[in-house]
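Q: One structure coming up, written as structure tokens, with questions to follow.
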Amino acid sequence: MVRRSGDVTNVKTYIGEQEQSCPFCGSRKVTIEEKDGICFYLCDDCGAVISFQGSEEKEDAARCWNRRAS
Ligand SMILES: [Zn+2]
């Protein structure tokens with residue numbers, strides 16, 4: 001991973017090869033975040049935040065994420 005000056009130091013874990021890329025820009029620089037009891041996908045490239053109703057566990061969010069048509 002390339003580190004630019006000014007980057008925050010926390011290491012991001014992007015989605016794995018088996019998961020779909022961002023539906024908006026096609027980037028694979030997508031992380032799964034968890035906040036306030038809901039898991040959501042966050043695209044580092046375009047800033048899209050995609051959450052799913054009832055996705056309290058990352059497994060639930062991942063199931064919804066990978067279920068979409070394309
Ligand atoms: Zn994106």
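Any read-out appearing in this document is the output of simple, stated calculations on the displayed coordinates, not a laboratory observation. Everything quoted here is computed from the prediction, not taken from an experiment. For neighbour counting, all protein chains shown are included, and Cβ atoms are generated from backbone atoms with ideal geometry for every residue, glycine included.
Q: Per residue of region 17-28, in order, report the coupling 6.51 cos²θ - 1.76 cosθ + 1.60 (Karplus, θ = phi - 60°) as ³J(HN,Hα) in whole Hz, putting x for Gly and Pro.
A: 4, 7, 9, 6, 7, 4, x, 9, 10, x, 6, 9
Q: Something else: Of Thr31, Thr13, how do they rank once you tally other Cβ atoms within 10 Å and put the fewest first?
A: Thr13, Thr31
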